[in-house]
1. Need one number: nm distance between label points at A:Asn173 and A:Val316, each 7 Å from Cα along Cα→Cβ, rounded to one decimal.
2. Run lengths n ≥ 4 of DSSP H only: what is the helix-derived mean residue ellipticity at 222 nm for the protein assembly as shown, with -39500 (n - 2.57) per run over all residues, to the nearest 500?
3. For the range A:85-164, take N as its residue count and report Rg(C-alpha) divided by 2.2 N^0.38 Å.
4. Which of rounded, prolate or oblate describes the range A:28-335 when judged by the alpha-carbon gyration tensor and an a/c cut-off of 1.5?
5. As a quick test, which of the pairs B:Lys343/B:Lys404; B:Lys371/B:Lys432; B:Lys320/B:Lys404; B:Lys343/B:Lys432 have an alpha carbon distance above 21 angstrom in this structure?
6. Calculate one ³J(HN,Hα) per residue across the range B:206-220 by plugging θ = phi - 60° into the Karplus curve 6.51 cos²θ - 1.76 cosθ + 1.60, and present them in order as whole Hz with x for glycine and proline.
7. From the backbone phi of the range B:228-236, what are the Karplus-calculated ³J(HN,Hα) couplings (6.51 cos²θ - 1.76 cosθ + 1.60, θ = phi - 60°) in whole Hz, Gly and Pro given as x?
8. Using R₀ = 45 Å, calculate the FRET efficiency as 1/(1 + (r/R₀)^6) where r is the Cβ-Cβ separation of B:Asp362 and B:Ser17; round to 0.05.
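Readers should treat all values here as calculations from the given coordinates under stated rules, not as data from a laboratory. Keep in mind that what you see is a predicted model, and the values were worked out from it rather than measured. Cβ atoms come from the backbone with ideal geometry, glycine included; neighbour counts cover every protein chain shown.
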Amino acid sequence: MTLTQQAEAPRTAAAVEGRRRAPVRLGTTGIIYLALVAILVIGTVLVAADGDNLLAERNIVDMLTRSSVLGFIAIGQTLVILCRSLDLSVGYVAALSSLVGATTMDGDPARVPLGIAAALGVAAAVGLVNGLVITKLKVNAFIATLGVALIIRGYLDTEYKGPAGSVPDSFQNFGYTRIGVVPLSTAVMLAVAVAGIVLLRRTRTGYRMFAVGGNDEVARLSGLRTDRTVIVAHVLCSMTAGAAGLLLASRFSTGVAAQIYSAGYDLDSIAAVVLGGTLLMGGRGGIAGTIAGVLILAVLDTVFRLLQIDPFFRDVLRGAIIIVAVALYARRQIDRHAVRARFGKHGRAAGGQDAPRPVIPEARA
Amino acid sequence: MTAADSPLLRMSGVSKSFFGVEVLHSVDLELRAGEVHALVGENGAGKSTLMKILAGVHRPDAGVISLGGSEVHFEHPLQAQHAGVSTVFQEFNLLPERTVAENVYLGREPRRRGLVDVARMDRDTEALFDDLGVSGIGARTRVRSLSVAQQQVVEIVKAMSYDARIISMDEPTAALAEHEVELLYRLTRTLRARGIAVLYVSHRLKEIFDLCDRITILKDGSVVTTTETARITPDELVRKMVGRSISTFFPDPLPGAELGPVRLAVSGAGNDYVDDISFEVRAGEIVGLAGLQGSGRTEIAHALFGVAPFTRGEVRLDGKPVSPTSPREAVRAGLALVTEDRKVEGLALNQSVLANARLVLDAVLPGAAGKRAKAIPGILSSLELTARSGAREVRYLSGGNQQKVVLAKWLATEPAVMVLDEPTRGIDVGAKRAVYELMRELSARGVAIVMISSELPELLGMADRILVLHDGEISGELPGGVDEEAVMTLAARPMTAEAAR
C-alpha cells in the first residue's frame, strides 16, 4: 500500500492489517478448547491430590459416555440458537422417542430399524410443530417450546406410568460397545457433530441459519425464506434429541419418561451451547465450540464425582462456572466494541508510546 | 433524442397513501443511464417512500413504472433486484458476524456438488472489488471489523453483484465522517462511468453539488422540479426545498446574549482514549469539537458525562470540581449529553413522547421531577412537537422529531452544560434549523454548550470557538467562522506529516 493511498483512506490500512493478522488470532472456539484443556489439567491435579487418576481409562470412558447424550442434544440446540430460537422441549422429546423406539422394537432385533425410524420420525414431527408454532403463529420460541414440552409431558405421564417397551440386545450395543476408550455412542455423536459442522460451514442451509439468526430482516431482504430455515433447524434439533432418547433407551434397555425428562437436558444443553461460545442472540457460534462445552461439563461432572463432592454443592459449582464463563465472553464482546486504549495510565508523557500507531484505532477482538 | 438520452427508468404519476394520508402525489421521475441523480427534500417529503416503491418494498397506489421501456410491477424486493434495481437502504443490511463474501453472496452462494464453494465465493468477491477499483477490503474479513464507510462500499458492491442497472442509495453518507465520504464518491463515480443510473438521497448539500448530475426536489409528496445541477445554486435549492434561503440558515446569536463567567473548565484531563485535554466554556458560549472520526470527540463527551471518565486532570463546573463516574452523577452535577445515535442511546423507541421526555427526570432527579415535569409540555410545544403527539410512540416520529424529543428530555433537567454529539445527524433541514435556534436560545439563557459535529459548515456556522482534535489530543483552536480548510489542516496535520515521511 502506497503512502498516498494511506492518506486517502486511512481506515483501510487497519482492515488490511486485520486480514493479515487474522489466521494467527485465536478464535473463540480455540479459546474454549484451551479452557477445556485447562480444566482437564486442573481436574487431574485435584483428583491426583485426592489419590486418584482422572486420566485412568475408566474415568475417560465415564467422561465420554456422559458427553454423548448431552452432545446429541446440544448439537441440535446449537442449530436453533444460531437461528435466534431456543428449544426447551428437547428433554421431553428424548423421553418420548425413547418410549416410541423401545415400544416399537419390542425386543425384536428385526424391528430395530423400524424403531429407530419411528423414534426419529416422531421427534421430527415435534420439531416441525415447534418450528411452525414459532414462525407461523409468531409465538416466542421460549413459550412455544415450553408449551409443547408441557403437552408431551402430560401425554407421557398419562400414557406411561413406568418403563415401557424393550430394547433387543443388538441395539443395546449402541449404548455399551466401545472402540478402545471411545464408546460407540460418543463416536456416533461426534460423527453427527461433524455432519453438523459441514452443514453450517459448507451448505446454503447452514449459511441461512447464520443469516436468520444474525438479522432476520437482512436475510429476508436478501431473498431468504427465513421461516423455512427456522423450521428446518427445529426439526433437526428435535431429531438429535430423538437420537439422544434412543441412546438412553439402549442404555436403560427400555423406554422411560420421567427419568429422562427430569434430568435437565434442556437447560444443560443450552448451557453447553453458550459455554461453547455461541451467542444466545444467534448469528454467531458453531458446533465445534458446543462439543467443547459438552466436554467441559462432562469433565466437571466426572471430577466432582471422583472428589465425592456433595451433589447439591456440585450444582452450585456448575452454575457458578457457567456464569463466570459467559461473563468472560460478555467482556470480550464489550471490548470488541470499545476503542482500543490509546494512552497509558499517565498519558503520553509517561506512557511513551512512540511506536507508530494506526491512524484510526480499530477495535479488534 | 439519442438512445443514450432516453431514460432507463421512468416513473410517472406515482402516488402512495398510508392510512388515508397521501405521502406521494403523482410523482414523475426519470433516471438516465450513467447519471447520478439526487433526490432531495425535507424529512417527510416522500423520498424514502419513493425509494421503497422503486425497491419493491411498497407498491404504488397509482402510476406507472417502466424500466428500459417496458412496464414493471415489483411485488417483492427480490423482483426489483432481479430486474436490475438495487437499493442500499439507510439501515445497514449486512450481517456483522459474517465475512464480506458471505454477505455479498447471501442466499445465492456458489455451490459445487451440493456444498458451498467457499474458495470460489471468495475469489468472485475479490474480483468484484477489483473490478470496481476498491482495495483494502478482504473477502474473508468479518464485516464487523470494517469501518462504516467500508461497510457502505460492501453494500454497494453487493448491490452491483446483482447486475444492477439502477442503484439507489438512501443517505449513504449519513454515518460517515467527511474524509470517509471520498471512498464513496470514487465508487459512485465508477458506477456512473459504467453507465449505471444512481439515485442519490442525501441531506448534505455539498455532496449533491459535488457528485450529482441532476437534482429532483420533492416537497410534501410532490416534485417541485427536476434540474441540472449546474443550473441551480445551493441557495436556490434550499429555498425550493423549504422556502428559506441558506444565508439565513445558521441563526445569529440572539440579541442581548453575551458571554458570562466560565461554567465548564477542563484542565489536563485524559483517559485511555484522550490525553492532555484543556479547555473552558463560558456561559452562553458554544464551543465546537472538530476532528476526524475516531479522533476522540465522542470520547471527550463520554468522559465528561461519566461514561468512560477522565482518569487524570480536573473538571470544574461553575468553579466546583466534579468527577462523575456515571451518567447519573453527571446529570446530578448539571450536565446533559445528547448522544450521537438517538435510536440506540437516546430514546426508548417503543415508549411515548411524554415518557421519553420525562425519562431522565424520573430516573435521576425524582425530587425535582414533579416541579420540572410541569415544564415539559411547554418545552415540547416550543420545539413544535404538538401536545397531541405526546402519547405517540417515539418510533413513529420522523428523525427530526425524534431528535427534538431527545433535546426535550435534557432541557427538562435544566442543565448548566450541554454536550451535543452530532445533534443534526440524519435530520431534515427544517429540523436542523430548529435545533440551531434552540442552541442560540440556550446560549442566551447562559447554558454552556459543547457541540460535536462531522459537518464542518454547521460547526463553523454555530460555534464561537472550535477545538480541533487529532488522535486523542487537541491539535489547535480556531475562532468560529474560519474556513473549512483551516480546520481540516489541523485535524489531519500529523497524518499528512506521517504520509510525507
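1. Label at A:Asn173, label at A:Val316, 4.7 nm between them.
2. After summing the helix terms and dividing by residue count, I get -16000 deg cm²/dmol.
3. Rounded to two decimals, the normalised Rg is 1.18.
4. On the way: a/c = 1.69, a/b = 1.05, b/c = 1.61.
Cα axes put the range A:28-335 in the oblate bin.
5. B:Lys371/B:Lys432; B:Lys320/B:Lys404
6. Residue by residue, the range B:206-220 yields 4, 4, 4, 7, 6, 10, 9, 8, 10, 10, 10, 9, 9, 9, 6 Hz.
7. 3J(HN,Hα) across the range B:228-236, in whole Hz: 5, 4, 5, 9, 9, 9, x, 4, 4.
8. 0.75
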